[in-house]
Amino acid sequence: MDDRLIGAPAEYLTPAERPTLAAAQEWCRTLATTHYENFHVATWFLPKRIRPYFESIYAFSRVSDDLGDEVADTAVATRLLTSWRAMLDECYDQPERSRHPVFVALQQTTSETQAPKQLFADLIHAFQMDQTVTRYESLEQLVGYSHYSANPVGRLVLWVSGYRDEERAMLSDKVCTALQLINFWQDVVEDWERDRRYLPADTMARFGVTDATIAGKQFTPEYRAMMVYLVDYARTMLAEGAAISGTVDRELAVTLQLFSKGGFAAIDGIVAQGYDVLAKRPSVSKATKAKLLAGALAGKFLGLFSGGRQ
């Protein structure tokens, strides 16, 4: 019995028998559709042949994140992430030994696309960082963290879609980093309650915001000014990166636009409540989500009938 994931959430334990490829892909698909509906919606706009690639990448990322985030004991979480990294190595070096559905499904993705192992390893590294680093001193450090926590996903999306150049990858990095930062700006209170602070210390000091401000949920003029600055920083980065959708085929462009527009909608949600993310977490309304999906559907069908690149 493979007991390397003992201590993980029960649904993530390695089965006694190696699943078939079809069963492993279904496991990943179910994880994607039950844990993050927006990912499932976005992948619907992709060519059917590459959807399993995206689902295996998502499943790998989701399990990696949960091994670090859903396990209360830091020592246990660290051990589990170390084991998960060893299982990633096994997937690449001795694929016949893999029994976890994530790695059985991922083998098809990596063998058919030659996706670099380092991108997957970087994601694990980010979750290992989370076990020891709970405060960030600067925006530069947060951008550095996003290099591991967010950017690999975007690069993998491009890679399995057939885009391997660094120019597009750098645009993708901007989108992914911006989305990571926006998520931090939304989740200030939730992160604080988990003893994490992703607001950069130097920016807080510049605007006269302290940890006590966050702990007391004190929405001061200084806090608002800081949030305006941080939101503008993320918005600019997202706008620069969003240009990537004009450089790829129409079907992939629809999916990339859906993610970037979702980021802008999240920013609009922060602005709509006067930047007060301490009172409640900003959210994207159902009406806005419907509008985004309607636009994506139009783009999908336009691509089906016109073909080619934008």
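The values are calculated or read from the model by the stated rules, or taken from the named source; none is laboratory data. Remember, it's a predicted structure, so these values are computed and weren't measured experimentally. What goes into the accessible areas is simple: the full protein's heavy atoms, side chains included, and nothing from ligands, DNA or RNA. Shrake-Rupley method; radii C 1.70, N 1.55, O 1.52, S 1.80 Å.
I need to check one value: relative contact order of the chain, counting alpha carbon pairs closer than 8 Å and at least 6 residues apart, in percent. Intermediate values should be presented prior to the final figure.
Numbers: 396 pairs, mean separation 51.2, N = 310.
Averaging sequence separation for qualifying contacts and normalising by length gives 17 percent for the chain.
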*Any idea what Rg and Dmax come out to for the range 84-223 if you just take the C-alpha atoms, in Å?*
18.3, 59
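Over all distinct Cα pairs, what is the inverse of the mean 1/r for the range 197-248, reported as the Kirkwood hydrodynamic radius in Å? Intermediate values should be presented prior to the final figure.
On the way: mean 1/r = 0.0802 Å⁻¹.
After inverting the pairwise mean of 1/r, the radius is 12.5 Å.
Return the Rg/Rh value of the range 1-159, two decimal places, where both radii are evaluated on C-alpha atoms and Rh is the Kirkwood radius.
Using Cα coordinates only, the ratio equals 0.95.
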*asked:* Could you give the length gained by full extension between Asp232 and Asp165, i.e. 0.36 nm per residue of separation minus their alpha carbon distance, to one decimal place?
replied: 21.3 nm
*With a 1.4 Å probe and every protein chain left in place, work out the accessible area per residue of the chain in Å², rounded to a whole number.*
46 Å²
*Kirkwood hydrodynamic radius for the chain: how many Å is it when counted over pairs of different Cα atoms?*
20.5 Å
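Can you check what the Kirkwood hydrodynamic radius comes to for the range 67-119, Cα pairs only, in Å to one decimal? Kindly include the intermediate steps, with their values, before the conclusion.
Values: mean 1/r = 0.0840 Å⁻¹.
The Cα-based Kirkwood calculation yields 11.9 Å.
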_Largest first, please: the extent of the C-alpha atoms of the range 152-211 along each principal axis, to the nearest Å._
46, 24, 13
*Distance histogram for the range 163-253 (every C-alpha pair counted, 5 angstrom bins, percent rounded to whole numbers)*: 3, 13, 20, 19, 14, 10, 8, 7, 5, 1
_Gained length - Asp276 relative to Ala75, 0.36 nm times residue gap less alpha-carbon distance_ = 68.8 nm
*In nm, what is the difference between 0.36 nm times the number of residues separating Gln94 and Asp211 and their Cα-Cα distance?*
37.4 nm
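Over 19 Å, how big is the tail of the calculated P(r) for the range 124-180, in percent of all Cα pairs? Present the calculation step by step, with values, prior to reporting the outcome.
Numbers: 503 of 1596 pairs.
Here the long-distance tail beyond 19 Å is 32 percent of all Cα pairs in the range 124-180.
Of Lys280, Lys174, which has the most accessible area and how do the rest follow, probe 1.4 Å? Please list the in-between numbers first.
Numbers: Lys280 125, Lys174 75 Å².
Ranking Lys280, Lys174 by accessible area, largest first, yields Lys280, Lys174.
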*asked:* Given the -39500 (n - 2.57) contribution per DSSP H run of 4+ residues, what per-residue ellipticity at 222 nm results for the chain, rounded to the nearest 500 deg cm²/dmol?
replied: -22000 deg cm²/dmol
*Could you check how much of the accessible area of the chain is carbon and sulfur, as a whole percent, using a 1.4 Å probe?*
55 percent
*Can you work out ³J(HN,Hα) from phi for every residue in the range 88-103, in order, using Karplus 6.51 cos²θ - 1.76 cosθ + 1.60 and θ = phi - 60°, giving whole Hz and x for Gly and Pro?*
5, 4, 4, 4, 7, 8, 9, x, 5, 8, 5, 10, 6, x, 4, 7
